[in-house]
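Take a look at the structure set out below.
No lab work stands behind these numbers, since they all come straight from the coordinates. Computed from a prediction, not measured in an experiment: that's the story for all the values here. Counting neighbours? That spans all protein chains shown, and the Cβs are built from the backbone with ideal geometry, glycine included.
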Amino acid sequence: MIKKAPPVSISCRDLTLRFPVYGVDAKSLKKSLAAVTVGGRLGTHAHVTEVTALNHVNLELKPGDRLGLVGHNGSGKTTLLRALSGAYEPDEGAIEVQGRIAALLDLSLGIDPSATGLDNIRLRGRIAGLSSREIEARMDEIASFTGLGPFLAMPVKTYSAGMQARLAFAAATAVEADVLLMDEWIAVGDSDFQKLAHKRLLKLVERAGILVLASHDTDLLRLYCNKVMRLEGGVASAVTDIRKLDELMAA
Ligand SMILES: Nc1ncnc2c1ncn2[C@@H]1O[C@H](COP(=O)(O)OP(=O)(O)OP(=O)(O)O)[C@@H](O)[C@H]1O
């Protein structure tokens with residue numbers, strides 16, 4: 001019997017996400033904010049200042065869609081990725097993601113500085129939903145990819161920033177996923193590692209059914225994505241072909 005592939009899709013309907021910001025007087029902010037293009041929309045609700053990070057965002061993605069997210073600082077890209085990963089509940093609207101998700105959003109997430117590199121790889125694997133057996137089966141490959149050799153037996157707090165990035169990247173990209181959510185942090189480690197990281201990411205992208213990548217780097221977006229959406233103040237443009245990236249950025 002031929003096994004049917006499980007469905008893979010992303011659907012956001014009127015997705016709205018607000019963050020309350022306590023201890024800020026909205027009236028004092030209003031004048032200075034008139035011409036600001038950075039950040040979400042500020043308002044007040046029940047006397048509390050709040051940022052609308054995503055404002056009625058609609059999005060439908062299917063296998064083969066590799067979506068680049070562009071927009072100014074604070075326009076809502078990371079918030080959208082986190083919402084798709086399941087980290088945030090919508091304040092309004094709905095999110096539905098079908099398929100196994102790998103969220104490469106925060107490199108330091110799931111890293112315990114006092115544990116060894118090897119134990120951190122195990123920890124990260126568990127967070128990604130792998131069984132102990134699956135983790136041990138991949139251990140040699142992950143360990144060799146880090147290039148950290150004997151340092152893997154030492155606590156991560158003794159690592160340099162680049163060494164930590166190597167460890168986190170190797171562990172995070174060892175999972176098989178249908179939906180890959182990535183914030184722009186491909187520029188980790190030294191140039192040798194970057195080349196390796198790039199190859200590994202391309203493989204991961206080929207395997208994944210859907211990619212959503214937030215980035216300010218237009219070359220990177222053209223390399224990995226076939227579609228693009230722009231966020232401004234939490235409001236999303238329509239999804240367009242990546243070949244229209246320049247037009248979309250200039251709009
Ligand atoms: N935890 C939070 N508490 C309060 N406000 C937040 C929080 N997280 C994000 N925001 C606000 O939501 C808005 C969107 O932020 P987000 O991090 O999604 O932007 P971004 O497009 O990823 O920005 P960048 O390009 O700088 O990474 C910003 O105005 C930010 O201040």
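Below are the figures for this structure:
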| quantity | calculated |
| --- | --- |
| In Hz, Karplus ³J(HN,Hα) per residue of region 118-132 (6.51, -1.76, 1.60; θ = phi - 60°; x = Gly, Pro) | 4, 5, 5, 4, 4, 4, 4, x, 5, 4, 7, x, 7, 7, 4 |
| Relative contact order (%) - criterion: Cα under 8 Å, at least six apart; region: the chain | 27 |
| Antiparallel bridges, percent of DSSP beta bridges restricted to the chain (to nearest 5) | 60 |
| Cα-based helix-to-principal-axis angle, 161-172 vs the chain, degrees rounded to 10 | 90 |
| Anisotropy class of region 117-211 from Cα gyration tensor, a/c 1.5 cut | oblate |
| Potential lengthening between Arg207 and Ser131 on full extension [0.36 nm per residue; Cα-Cα distance subtracted] | 25.3 nm |
| Folded to 0 to 90 degrees: helix 191-207 orientation relative to the chain principal axis, Cα | 80 |
| Label zone at Lys157 (point 7 Å along Cα-to-Cβ), backbone N below 19 Å, region 90-115 | 108-115 |
